[in-house]
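Worksheet for the structure shown next.
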Amino acid sequence: MKEYYILTAKDFYDGLREDKIFGLRCKECGQITCPPLPTCQWCGSKDLEKTELSGMGEILTFTLIDVSPEGFEPHYIICMVKLDEGPTIMGRLDYDAEKATVKNERSQELIGMKVKASHVVLPADVYSGGEKIVPLFKAL
Amino acid sequence: MRDVAIIGTGQTRFGRWDKSNTELFCDAALEAMEEANVDQKDIEALYAGAVFPTFEEGQCNIGGHLVESLHLGNIPATRFEGACCSATIAIRDAYMWVASGFYDIVLAGGTERALLMGTSLATKTFAMAGDCKYEGNAGITFPGMFAMAARRYSKIYDIPLDKLREKMAHVSIKNHKHGALNPLAQFYQKMGNLKVEDVINSRMICDPLTLMDCCPFSDGGAAAIIASADIARRYTDEPIYILGAGQGSAGHLGAQEDMTKPASRVFSSRSAFKQAGLGPKDIDIMEIHDCFTSAEIIASEAIGFFDWGKGADAVEEGQTDIGGRPVVNPDGGLMGKGHPIGATGAAQVHTIAEEMKGRAPKGNQVDPVPEIGMTDTLGGGFNTLAHLILGRSRR
Ligand SMILES: [Zn+2]
């Protein structure tokens, strides 16, 4: 049977462990899909090739998590980052937590900040099927 | 497609219960069956929303146990799971199977015991409704998603965050005001007179959302009897007709173009409007999925009641309070009434039906009795959306 995934979640995680963000370039529309899917997230084509992205992007939005899920230690910042190559991914933000709260009148200025991806390894839990490898963004 | 009606509804009190998911579902189902005057042998299928019965009490495959408890013979029973949208997709499927002519009467509803999990595990399981690899593993939570949506909304529409938080607080104030007057609500006789400061200064959950920006974890059940319109009047003098139904889907948040303009909700609500031949201006009463204050505002725009970026002003000005139009969440919504996630959509339907029969609780009842109502139910990070448009009159 043919396997349709050019890049699996495991491949993506393995890249992240080396601070690399892998995506897929669409041979039909030229746009980038990230995180991986078997089809182009923009046009639906299956004609994709693996590509390493710059890991650079800008923050679209963020939140400081004060009440965390079981197995996670508060307080940490979650952010959405629009990568320079086009797609948007979720990750953690390595930043002073106090400055990411409403107590900081200028906290909204974090939106638009340029960041670059590295990674953080979080321990496995019963449901995660192994360690959790999460993009960790740092201010440039 | 045949016309379809709701001939009976039921809802348990929402809050903390020492009853199993099966017991909560059956309490609501028996109430709905009694109202509809249906015999057990009249019901041909059972569709139940239940999201985490496995985590809550070690129960999967709940359908057969519901059928046995209700003595419905050996009819097919199917569990529907679309996170917090589960009961609405169960009712939508019941509607379609009856509309198609395959069944004449289906029992649909939902149940949940989220409080049994405690805050830490409940927060974990709710987060499982996002993409496990690319969202859940990062440690995002549902209030976290709507906290990010609030910051994005503030940025896009250039509303200073402290101003937006004040506007958002009015969602909590309005819905708790209504919930405090609803005997079935988790916060009945509680928090009916909140001030903006009470919301903004309560404990931070996911900055900038405080505890009072969030709905609670809840236990409860709700159900509805769905029947062919042709036979509905054999059972009730007050059938409530299903005029339109929609459902939509989307993947992880990053793949969605704009989390303040959820495309899955636009798709689902437009589908429902198109089928009903109606538009947002026709809706008298609306049950919106107000899991968080920012969520109600975003929904009110995506369904089409207000222009993009104007929903926050609308709630602050009282346009969605009783006396405004459309009235949004006169029963307290998820925030005041509670949010047993597997049951929520069926409880929204219960409220619209009660309002249309003029027997909603004092302080919840809309006057004059609403003719056209709508429900909006959200599962996950806009991953599952469903809408139902209900009317007192057949098309
Ligand atoms: Zn493409």
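The values are calculated or read from the model by the stated rules, or taken from the named source; none is laboratory data. Please read all numbers here as calculations on a predicted model, not as lab measurements. Every residue, glycine among them, receives a Cβ derived from its backbone with ideal geometry; neighbour counts consider all protein chains shown. We work out accessible area using only protein heavy atoms, side chains counted, and drop any ligands, DNA or RNA first. Shrake-Rupley method; radii C 1.70, N 1.55, O 1.52, S 1.80 Å.
For region B:1-147, compute Rh as the Kirkwood radius over C-alpha pairs and then the Stokes-Einstein diffusion coefficient at 20 °C and 1.002 mPa s; write the answer in µm²/s, rounded to an integer. The estimated diffusion coefficient comes to 132 µm²/s. Label-to-label distance for B:Asp39 and B:Ser69 is 2.5 nm, based on points extended 7 Å past Cα in the beta-carbon direction. Converting phi to 3J(HN,Hα) with the Karplus coefficients 6.51, -1.76 and 1.60 and the offset θ = phi - 60°, region B:113-127 yields 10, 5, 5, 4, 6, x, 4, 5, 6, 4, 4, 5, 5, 4, 5 Hz in sequence order, with x at every glycine or proline. Its residue count N fixes a reference of 2.2 N^0.38 Å for the protein assembly as shown, and the Cα radius of gyration divided by that reference is 0.95. When accessible surface is computed with a 1.4 Å probe, chains A and B are found to bury approximately 3200 Å² between them, both chains counted. Close amide H partners of B:Gly338, meaning residues 5 or more places away or on another chain with modelled amide H under 5 Å apart, are B:Gln186.
Just report the Cα centroid separation between region B:1-53 and region A:79-93, whole Å. Between the Cα centres of region B:1-53 and region A:79-93 lies a distance of 43 Å.
Only one residue of B:Tyr103, B:Leu121, B:Cys84 has its Cα farthest out toward the positive end of the dipole of region B:81-132, where Lys and Arg carry +1 and Asp and Glu -1 on Cβ, and that residue is B:Leu121. Length gained on full extension, B:Arg395 to B:Gln189: 70.3 nm, using 0.36 nm per residue less the C-alpha separation.
About its Cα centre, region A:6-48 has a charge dipole of approximately 60 debye under the convention of +1 per Lys or Arg Cβ and -1 per Asp or Glu Cβ, with nothing else charged. Its Cα gyration tensor gives chain B an equivalent ellipsoid. The semi-axes, each the square root of 5 times an eigenvalue, are 31, 23, 19 Å from largest down. By accessible area, using a 1.4 Å probe on protein heavy atoms only, region B:1-155 has 49% of its surface on carbon and sulfur. For region B:217-317, which whole-number percentage of the solvent-accessible area (1.4 Å probe, protein heavy atoms only) is attributable to carbon and sulfur atoms? About 47 percent, which is the carbon plus sulfur part of the accessible surface. Between A:Thr51 and A:Glu3, the contour length at 0.36 nm per residue exceeds the alpha carbon distance by 15.5 nm. Where Rh is the Kirkwood radius over the Cα pairs of region B:291-393, the temperature 25 °C and the viscosity 0.890 mPa s, what D in µm²/s does Stokes-Einstein return? Here the translational diffusion coefficient equals 173 µm²/s.
Rounded to the nearest 10 square angstrom, B:Leu66 shows an accessible area of 0 square angstrom against a 1.4 Å probe. From the alpha carbon centroid of region B:316-395 to that of region B:92-158 is 18 Å. Taking all protein chains into account, the per residue accessible area for region A:1-53 stands at 58 Å² (1.4 Å probe).
Taken over region A:55-140, the alpha-carbon convex hull comes to 92 cubic angstrom per residue. Note: relative contact order over region A:55-140, using C-alpha pairs below 8 Å and six or more positions apart, is 29 percent. When the Cα positions of A:Ala124, A:Thr61, A:Leu83 are compared along the charge dipole of region A:55-140, A:Leu83 comes out farthest toward the positive end, with charges on each C-beta of Lys, Arg, Asp and Glu.
Nearest-5 percent of antiparallel DSSP beta bridges in chain B? Around 70 percent antiparallel, to the nearest 5. Cysteines in the protein assembly as shown that lack a partner Cβ within the 4.7 Å cut-off: A:Cys34, A:Cys79, B:Cys26, B:Cys60, B:Cys84, B:Cys85, B:Cys132, B:Cys206, B:Cys214, B:Cys215, B:Cys291. Any idea what the relative contact order of chain B is, in percent, if you count C-alpha pairs under 8 Å spaced at least 6 apart? Relative contact order for chain B comes out at 27 percent. Protein heavy-atom surface of region A:55-140, 1.4 angstrom probe: 51% of the accessible area is carbon and sulfur, with nucleic acids and ligands not counted. A loss of 50 Å² or more of accessible area (1.4 Å probe, protein heavy atoms, ligands and nucleic acids excluded) relative to the isolated chain is seen in these residues of region B:250-277: B:His252, B:Gly254.
Look at where the Cα atoms of region B:229-269 and of region B:167-183 average out, and the two centres are 24 Å apart. Solvent-accessible area per residue in chain B equals 33 Å², computed with a 1.4 angstrom probe and all protein chains kept. Rounded to the nearest 500, the 222 nm mean residue ellipticity of chain B from helices alone is -11000 deg cm²/dmol, with -39,500 (n - 2.57) taken per DSSP H run of at least 4 residues. Can you list the chymotrypsin sites (Phe, Trp or Tyr not before Pro) in region B:37-82 that are in a DSSP coil and have 16 or fewer other beta carbons within 10 angstrom? Listed in order of number, the matching sites amount to none. Take the Cα of B:Glu23, go 7 Å toward its beta carbon, and the backbone nitrogen atoms of region B:326-341 under 20 Å from that spot belong to B:339-341.
With N as its number of residues, region A:1-110 has a Cα radius of gyration that, divided by 2.2 N^0.38 Å, comes to 1.26. Which one of A:Gly23, A:Thr8, A:Thr39 is farthest out on the positive end of the charge dipole of region A:1-53, using unit charges on Cβ (Lys, Arg +1; Asp, Glu -1) and the Cα centre as origin? Selected residue: A:Thr39. Diffusion of region A:1-53 by Stokes-Einstein, at 20 °C in a medium of 1.002 mPa s and with Rh set to the Kirkwood radius over alpha-carbon pairs, works out to 195 µm²/s.
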